[in-house]
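Worksheet: one structure, shown below.
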Amino acid sequence: WAKASGKNRLVTYAEGMSKEAQDKAALRDDLAHALELGQFEVHYQATVDFRDSGPVPRAKGYEALLRWRHPERGTVSPLEFVPLAEASGDIRAIGAWVLRTATAQAAAWTAERGTPVGIAVNLSAVQLGDDEVLTVVREALRDSGLRPHQLTLEVTESVLVGDLDAVSGRLARLRATGVQVAIDDFGTGYSSLSYLRRLPVDTVKIDRSFVGDLAHGGSATTLVATIIELARSLGLDVVAEGVETEQQAQVLRDLSCTYAQGYLYARPQAAQDVVAPAPADAVPSDAVPSDAVPSD
Ligand code: C2E
Ligand code: MG
Ligand code: MG
Ligand code: MG
């Protein structure tokens, strides 16, 4: 093994490693220190409610999306570094940080806006692989003061590769505390239908690959209609991911899809750039939650 050290990092590579393998090894080494160096950021993308009649649908809440600002490479996509962090186990600490950051942000928006703001956080299969996730979620809620029902945990089919009973048991325990569970990228896995039966869930997020084909009609429309029907029959909420055009939105509304997320409404943004929706649905002042702290 040869070693080349740089600022705050140690690059290890073996004789005969390909250029790409060396590059990946360097990225993996940098990733190990990214959290302590403060290189992560959470961005937030709104989910809108189709049932709103106004021109600008109101946000149901936000999805927390992790960003890594690499000092030399710029922004590295989670699609690139999350698998590396899963392999190294770093995703546990990183994921816990995302949960703390996102719940604190949702609690801050809730206080600012005077109405509960929902937050969805992506969970890795690795995080669901042990009981630590129960503590991490509980502490994030306790420290932020966020109500459990304001938090949604998004999981993909990849959670099924582990011990299914243990994973669904953990999700069930989290749900029993009021936290919601969503199946992400629904429809892309080979066993999508079976995991609806096996996992305790509240929401299905239709993968954007189907949404992208919607305006062309045909099989994508039939498929999305079927997913929405299925979800409805199971009493689940449906979010369409990756809505980019008004045409797609129209088809989804016609299919009675409830929620949507996509560039048409909002891109993922840094917390300080997120603009609160106009209070078109402003609640009368006597509708203050009964558990609100009295002002006297
Ligand atoms: P995801 O959970 O399915 O998140 C949705 C992805 O679609 C995000 O990509 C978002 O920026 C993108 N997106 C949203 N609307 C549109 C649209 O209208 N058009 C297009 N083309 N894309 C849209 P992003 O932020 O790059 O994240 C990619 C994936 O990385 C996520 O997919 C999620 O699986 C994973 N990820 C992100 N943050 C975290 C995290 O904190 N923890 C874990 N474990 N995974 C994360
Ligand atoms: Mg997601
Ligand atoms: Mg998704
Ligand atoms: Mg997706």
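The values are calculated or read from the model by the stated rules, or taken from the named source; none is laboratory data. This one's a predicted model, so the numbers in the text were calculated from it and none came from an experiment. Glycine also receives a Cβ, built like all others from the backbone with ideal geometry; neighbour counts cover every protein chain displayed.
What number of residues in segment 230-255 are of a type outside the set (A, V, I, L, M) and under 14 Å from residue 50 (Cβ atoms)? Looking only at that region, the number is 8. Any residue at all in segment 29-45 that is part of a strand (DSSP E or B), among the hydroxyl-bearing types (Ser, Thr, Tyr), modelled with pLDDT under 95 and out of contact with any His (no Cβ under 9 Å at 6 or more places or on another chain)? Looking through segment 29-45, none of the residues is part of a strand (DSSP E or B), among the hydroxyl-bearing types (Ser, Thr, Tyr), modelled with pLDDT under 95 and out of contact with any His (no Cβ under 9 Å at 6 or more places or on another chain). The set of residues in segment 167-203 that are at pLDDT 90 or above and among the aliphatic types (A, V, I, L, M) comprises 167, 171, 172, 174, 176, 179, 181, 182, 183, 201. Residues that are not in a helix (DSSP H, G or I) and not hydroxyl-bearing (Ser, Thr, Tyr) were ranked within segment 164-179; the one that is farthest from ligand 4 (Cβ to nearest atom) is 178.
The residues on offer are 64, 96, 102, and the sole one that is modelled with pLDDT of 95 or more, out of contact with any strand residue (DSSP E or B) (no Cβ under 7 Å at 6 or more places or on another chain) and not aromatic (Phe, Trp, Tyr) is 96.
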